[in-house]
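Encoded as structure tokens, the structure appears first; notes follow it.
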Amino acid sequence: MRLANVTGVGTGRDEHSGQDVIVVFVTHLVPRDRLRDADVVPDTLEGVPVRVLAIGEVDAHNGGA
């Protein structure tokens, strides 16, 4: 997803219902009314519920050395 504030996308299970969901990781939560329409994460994708999870800034780390 090339949306403002989105850092990654994955799959998971809703912690309350146990239903499969798409998880969209964002740096921080922004109220929907403060986003451009083009940057709003949809509630569902191809019928699968979407959950937005704020995880902060993401930095790559060298796993070696």
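Set the Förster radius R0 to 22 Å, insert the Cβ-Cβ distance between THR11 and VAL40 as r into 1/(1 + (r/R0)^6), and round the FRET efficiency to 0.05.
After rounding to 0.05, the efficiency reads 0.60.
Heavy atoms only, probe 1.4 angstrom, no DNA, RNA or ligands counted: give me ARG32, ARG51, ARG2, ARG13 ranked by accessible area, highest first.
ARG2, ARG13, ARG32, ARG51
Could I have the simple spin-label model distance between ASP33 and ILE55, label points 7 Å from Cα toward Cβ, reported in nm to one decimal?
Distance between the two pseudo-spin positions: 3.0 nm.
With a sphere of radius 15 Å drawn around the Cβ of ASP14, what net charge do the other residues whose Cβ falls strictly inside it have (Lys, Arg +1; Asp, Glu -1)?
Net charge in that neighbourhood comes out at -1.
Relative contact order of the chain: what whole-number percent is it, with Cα pairs under 8 angstrom and at least 6 residues apart?
With pairs under 8 Å counted, the relative contact order is 33 percent.
Just the number, please: carbon plus sulfur as a percent of the accessible area of the chain, 1.4 Å probe, no ligands or DNA/RNA counted.
That share works out to 49 percent.
Just to confirm a number: summing +1 for Lys and Arg and -1 for Asp and Glu over residues other than PRO31 whose beta-carbon lies under 14 angstrom from that of PRO31, what do you get?
0
With every protein chain present, what accessible area does THR44 have (1.4 Å probe, heavy atoms only), rounded to the nearest 10 Å²?
Result for THR44: roughly 80 Å² accessible.
So what's the convex hull volume per residue for the Cα atoms of the chain, in Å³?
It comes to 121 Å³ per residue, whole-number rounded.
Taking all protein chains together and a probe of 1.4 Å, list VAL9, VAL21 from the most accessible to the least accessible.
Ranking VAL9, VAL21 by accessible area, largest first, yields VAL9, VAL21.
The values are calculated or read from the model by the stated rules, or taken from the named source; none is laboratory data. If you're wondering where the values come from, they're calculated on a predicted model, not measured in any experiment. Using ideal geometry, Cβ is built from the backbone for each residue, glycine included, and neighbour counts are taken over all protein chains shown. Accessible surface is based on the protein model in full, side chains and every heavy atom, while ligands, DNA and RNA are left aside. Shrake-Rupley method; radii C 1.70, N 1.55, O 1.52, S 1.80 Å.
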